[in-house]
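Just so it is clear, none of the values below were taken in a lab; they were calculated from the coordinates. Keep in mind it's a predicted model, so treat the numbers as computed, not measured. Cβ sites come from the backbone with ideal geometry, for glycine too, and all protein chains shown count toward neighbours.
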Amino acid sequence: MQIESLKVYCDLAETESFTKAAQINEVTQSAVSQQISSLERLFKSLLIERSKKKFRLTREGQVLYDYSKQIISTYDALHSKLQEIKDIISGTIRVATIYSIGLHDLPPYLKKFLKSYPTVNVHVEYRRANQVYEDVLGNVVDLGLVAYPTRDSKLEIFPLRKEPLVLICHPQHPLAKNKSVKLKAISGQKFISFEPDIPTRKALDRILKEHSVQVQHVMEFDNIETVKRAVEIDAGVAIVPEGTVAQEVGKQTLAQVDIDDGEFYRPLAALYKKNKVLSPAMKQFLAVLKSEK
C-alpha cells in the first residue's frame, strides 16, 4: 500500500466522483477503480457501496477515510517541512479563479512569482464563482481566487485587496463627459449586468438599492469581457472593477467615470481548504498575491 492510493481514496470519498478523483491525481478512471479494489482486498472490507444513483462509504470505508486523512496530512506536513529545511520552492500549484481575476488581476502576480520561482508549475483554471468553491472543497485545486468571498466553516479565507468599482459607458454617452458622478445619475439608464447568481451582481444590487437607484437591466452576462463588449456598442452603462477596463479606457473604446457617493470596491481573496498543509511554494504564491504589483 502506498500513500498515493490513500490519497486517491480520500479524493474519491470527497468528490464522490471517479472522474474527478482521476483528474485530481492525473490518472485514468480505471486506475482509480483498481486502487480502490486493491485497498478493499488489502483490508478485506467493502469500502464503497457502488450504485448508479448513490455514492456512499461503508462503515469500514468511513474509518479508512478518517485515518487516511490523518496519514496524508502528516505526510504533507513532513514533505513541506523537509522542503523548508532545504529551502526548496518547487512543485505544482493548482488554482481555480473567476474570469475577471484570472484575466486581469492575476497575470502580473503570476509573472512575478514564476520569475522568482521558475521550478514551480502553476496550473490555472477559469471557473464561475460557485465552481471555484466546489473545486477547493473537493480538492480538485489547491487554491481558489474569488471576489466577495463567502464564509464557510470548511474554508480558510486569505484576503488580498480591495478593487475600486467604476462606471463605464460608451465614449459618446452623455455621462462620458463627467470625471465623476453620483449614483443617482444612472437612474433609469439601460444597464448591462452580470447574471443574478454572480457575487459582483449581488453586491451591485445591494449598492443600488441602498441609494434608491433603479436601472433598466437590458442584458445579463456571466463574465466581464461580454459586459464590456455590450457597453462598447452603447447597449447601456455598467459598473465594473477598475482593473478590468484599463486597456479599453486607454484605447478610448470605453469611458471610465468615477462614482463619488462613497468608496465602492470589490474585495478579492484566495481560498483554501481548512487544515490543508500549504507547501512552501503555496505560501510564497500567497505572499506574492498579497504584495504590490
Taking a ≥ b ≥ c as the square roots of the Cα gyration tensor eigenvalues, with a/c under 1.5 meaning rounded and otherwise prolate when a/b beats b/c or oblate if not, segment 162-266 comes out rounded
Out of all DSSP beta bridges with both ends in segment 162-266, state the antiparallel percent to the nearest 5.
55 percent
Using 7 Å Cα-to-Cβ label points, what is the Gln62/Asp197 separation (nm, one decimal)?
3.0 nm
Work out the length of the dipole vector of the chain about its Cα centre, built from +1 on the beta-carbon of each Lys and Arg and -1 on the beta-carbon of each Asp and Glu, and round it to the nearest 20 debye.
300 debye
Sort out for me the Cα centre separation of segment 139-163 from segment 196-258, rounded to whole Å.
23 Å
Checked against a 29 Å limit on the C-alpha separation, the offending pairs among Lys209/Lys273; Lys190/Lys251; Lys111/Lys179; Lys81/Lys154; Lys162/Lys184; Lys209/Lys283 are Lys209/Lys273; Lys111/Lys179; Lys209/Lys283
Checking segment 23-121 for GluC sites (Glu not before Pro) in a loop per DSSP with at most 12 other beta-carbon atoms within 10 Å yields Glu26
How much length would be gained if the chain were fully extended between Ile3 and Ser90, taking 0.36 nm per residue of separation minus their Cα-Cα distance, in nm to one decimal?
29.3 nm
Value of relative contact order over the chain, rounded to a whole percent, pairs C-alpha under 8 Å and six or more apart:
23 percent
